[in-house]
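Structure first, commentary second.
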Amino acid sequence: MRTSKSMNVIANSCLARTEANCSGSEKLPGKSGDLLHRSWTTAAVKPSERFAYYREAICQAFMRVTPECPSGIEFSANGQSIGLGNGALNRVQFPAHTTIRSRADVAASDRRGFYLNLRLAGESVVEQAGCTFVQSPGQVSIIDSDRPFRFAHQPSEPIKVASFWVPADNLRERLGPAFDIKPVQLSGDPHLGSLITETARTLNAKAFSMEANEAARLFEVLLELVALGLRRESHGVKESTSIAHATLLSVKRAIETKLHEPGLKAVDVAAAAGVSERYVHMLLARTGTTFSDYLMERRLDGAAADLRKVDPLNQNVGNIAFDWGFVDLSHFSRRFKQRFGMRPRDWRNQK
């Protein structure tokens with residue numbers, strides 16, 4: 001069995017021999033600045049040395065931890081990192097094993113912050129500060145890099161995680177220096193969880209193609225939602241105006257994406273937004289409208305805009321109405337005239 005010293009020699013030798021193949025960095029162009037994109041992989045490392053490279057290069061690039069080498073498998077891992085303002089998005093993939101952040105790892109680290117983890121594949125049992133929970137695909141949790149923890153990754157499938165590095169000051173300025181940020185499943189919040197998860201998924205999917213300033217702004221939005229979620233978790237606060245507004249925006253986004261679907265119902269929007277049908281009606285009622293009235297208004301506005309844009313010879317009124325989810329042309333014409341004071345055909349001819 002190899003000693004820790006011999007494993008370090010292997011890892012350092014691997015790093016020296018494979019720097020060009022195992023890791024790299026490139027600038028992702030953006031109009032408002034470049035994003036530094038770094039990547040690591042064990043693919044170019046000899047199988048017998050891959051875990052050492054993973055432990056000494058990939059793990060330490062993200063966070064100083066002490067992974068336990070799994071037995072009976074051919075180990076392979078990779079990672080990517082991209083800056084998000086003061087923070088970063090790290091994507092990692094590896095076989096199931098146990099990862100520990102010890103007190104010695106914490107003491108040896110030169111930065112403080114939190115990891116907001118969006119699980120993409122695989123399950124893990126997370127233990128930190130007396131809290132234990134299972135993180136499954138689609139869930140978002142937060143852990144403190146300044147406290148020891150243990151991740152027992154379950155052997156069902158390879159683990160894939162999108163992990164957002166959040167400098168401590170970025171959350172402290174939102175929550176206050178005395179706020180005790182405990183490990184928690186933020187995606188479990190009945191009202192805010194879906195918003196946090198949706199924003200994290202969007203940022204993970206788009207960060208590598210967005211401009212630097214856009215990615216940084218979306219990261220700030222994610223942090224605002226996380227701060228709200230942590231307050232709710234800590235104090236059991238009732239729904240705030242900010243949370244209701246954020247949820248309303250999510251409902252409206254869901255409606256916008258489904259405007260063209262005939263027979264759209266509030267229950268369909270509620271499912272897309274991750275809230276109850278009753279809550280959809282309640283949020284819209286607070287703005288002085290109903291689901292059916294708001295849906296009709298948005299569809300009529302969209303149809304009116306298209307009527308002014310298209311060539312009358314190439315697109316008739318009926319096609320536009322059907323495209324916007326209407327199934328009865330006479331009903332469309334009647335509602336259109338009620339809203340705009342003229343028939344759709346007359347509206348088109350006025351352009």
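The values are calculated or read from the model by the stated rules, or taken from the named source; none is laboratory data. Nothing here was measured: the structure is a model prediction, and the numbers come from that model. Quick reminder, even Gly has a Cβ in these numbers, built from the backbone with ideal geometry, and neighbours come from all protein chains shown. Quick note on the areas: whole protein, heavy atoms, side chains included, nothing else; ligands and nucleic acids left out. Shrake-Rupley method; radii C 1.70, N 1.55, O 1.52, S 1.80 Å.
Give 160/252; 309/337; 182/252; 206/252; 206/309 a once-over and call out the pairs whose C-alpha atoms are over 23 Å from each other. If you can, show how the numbers build up before the last one.
Details: 160/252 31 Å; 309/337 19 Å; 182/252 32 Å; 206/252 21 Å; 206/309 30 Å.
Cα-Cα > 23 Å for 160/252; 182/252; 206/309; rest within.
Roughly how many debye, to the nearest 20, is the charge dipole of the chain about its Cα centre, given +1 on each Lys and Arg Cβ, -1 on each Asp and Glu Cβ, and no other charges? Intermediate values should be presented prior to the final figure.
Details: 46 positive and 37 negative charges, 107 e Å.
Value, rounded to 20: 520 debye.
Compute the Cα gyration tensor for segment 162-272, then decide on rounded, prolate or oblate, letting a ≥ b ≥ c be the square roots of its eigenvalues: rounded whenever a/c is under 1.5, prolate when a/b is larger than b/c in the other cases, and oblate in all that remain. Working shown, then result.
Values: a/c = 2.45, a/b = 1.39, b/c = 1.76.
Taking the square roots of the gyration eigenvalues as a ≥ b ≥ c, segment 162-272 is oblate.
According to the square roots a ≥ b ≥ c of the eigenvalues of the Cα gyration tensor, what is the shape class of the chain, taking rounded for a/c under 1.5, prolate for a/b larger than b/c otherwise, and oblate for the remainder?
Numbers: a/c = 2.78, a/b = 2.02, b/c = 1.37.
Note, shape of the chain comes out prolate.
Helix by helix through the chain, keep the DSSP H runs that span 15 Å or more along the axis on Cα and average at least -1.0 on Kyte-Doolittle, and give those back in order.
On the way: long enough: 4-22 (25 Å, -0.04); 193-206 (20 Å, -0.21); 212-235 (35 Å, 0.24); 241-258 (26 Å, 0.19); 291-309 (27 Å, -0.65); 329-340 (16 Å, -1.12).
Helices meeting the span and hydropathy rule in the chain are 4-22, 193-206, 212-235, 241-258, 291-309.
Would you mind calculating the relative contact order of segment 123-187 from Cα pairs under 8 angstrom and at least 6 residues apart, reporting the percent as a whole number? Before the final figure, lay out each step's value.
Numbers: 75 pairs, mean separation 28.8, N = 65.
Across segment 123-187, relative contact order equals 44 percent.
Given the options 81, 136, 194, which has the most mean-square fluctuation in a GNM of the chain, springs set between C-alpha atoms less than 10 angstrom apart?
Residue with maximal mean-square fluctuation among 81, 136, 194: 136.
Could you name the aspartates and glutamates whose alpha carbon sits less than 14 Å from that of residue 265, not counting residues in the same chain fewer than 8 places away?
Within the straight-line limit of under 14 Å, residue 265 reaches these aspartates and glutamates: 256, 277, 293.
Whole number in Å², please: accessible area per residue of the chain, 1.4 Å probe, ligands, DNA and RNA not counted. Before the final figure, lay out each step's value.
Details: 17440 Å² over 351 residues.
Per-residue value: 50 Å².
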